[in-house]
Amino acid sequence: MINLQHIQDSEMTVNNGSMFANASGFTVINSKFIVISNDEKENIRKWLDAPDCAINFRVADDKRTEGTGQWILMQPEYIQWKRGPSVLWIQGKAGSGKTILSTTIIRDLEKGAPENVWYHYFDSRDNTDNKSTFRGYLLSLLLRVGADNTGKVHPALKGLFDKCSRQGLGGSSPTEKDLAIVLKEVLMTFSWGYIVLDAMDECSESKKVLAWLQNMPKQFYLLITSRYSPEGDTLRECLKISLDSRNGMVDEDIGKYLEESINFTGDLRAEVIKTLKDKAQGQ
């Protein structure tokens, strides 16, 4: 079980502690989140040029039909995963609704501790390809974990920015190695957190991502969705939900979606819905 008392007792320290005596949103250990100006914050965001996975979240959330996907939150494997840091793999074929389920799960996790929930959507359809690479994953997660919307930033991220800025007037692009090191350093300052990675099968460098995850701090709850089993040992011993074995629940979600989406009435409507559900067969 998560030790809530430990979480509550964890303190955030900043250069001016009194300014943030009542601040919440960061659970850190022996570290300092520093406050920077809006201009500096914007410079760091532009410099990282991280892929914006919030777009994927919003699109999936908008597509979600009311009442669908809630069954995933009641699955024994999901409930067990939330009890302590571990890995949960949700596997399903194309079209089985994994991304919608990821978004449903993120919504659920954010109800308890939104500041400790981070996510990345691997997306091979993205025109820039940034969302499907190891580098894009590092950038996306680093921006989410290492900075917030109020002007606070982790000193390790600020230090990397300053280092790169000294190498060129506009600031040189950080190396993949530096990004991996700094992201791990930032994560080490958190006592716990949820990391949701959607569509690992769409990652063009999944071996790199999984190798990095192998050495990730152990206090995190990691959830991965994919069509196939990723290579490596990360998911060899983990909790698993196979959507293929939950076809009835997936089909029920499909039915709710069709009922909501098909506007015409009468016998033809019922037949169209039945035909589409039969053709979907859990997809």
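Listed cross-link partners K63/K152; K41/K131; K111/K158; K82/K240 are compared with a 25 Å cut-off, the Cα-Cα value being larger for K63/K152; K111/K158. Karplus-derived 3J(HN,Hα) values for the range 111-117, using 6.51 cos²θ - 1.76 cosθ + 1.60 with θ = phi - 60°, are 5, x, 7, x, 6, 10, 10 Hz; glycine and proline are entered as x.
Close amide H contacts of Y119 (hydrogens built in the peptide plane, cut-off under 5 Å, sequence separation of 5 or more or a different chain): V196. In this structure the amide hydrogen of I241, modeled in the peptide plane, comes within under 5 Å of the amide hydrogens of W89, I90, Q91, none closer than 5 places in sequence on its chain. The protection proxy used here, the mean number of other Cβ atoms lying within 10 Å of each residue, ranks peptides 39-49, 197-207 as follows, highest first: 197-207, 39-49.
Where a number appears in this text, it was derived from the coordinates with a stated rule and is not lab data. Not measured: the values here are computed from a predicted model. Reconstructed Cβ throughout: ideal geometry from the backbone, glycine too, with neighbour counts over all protein chains shown.
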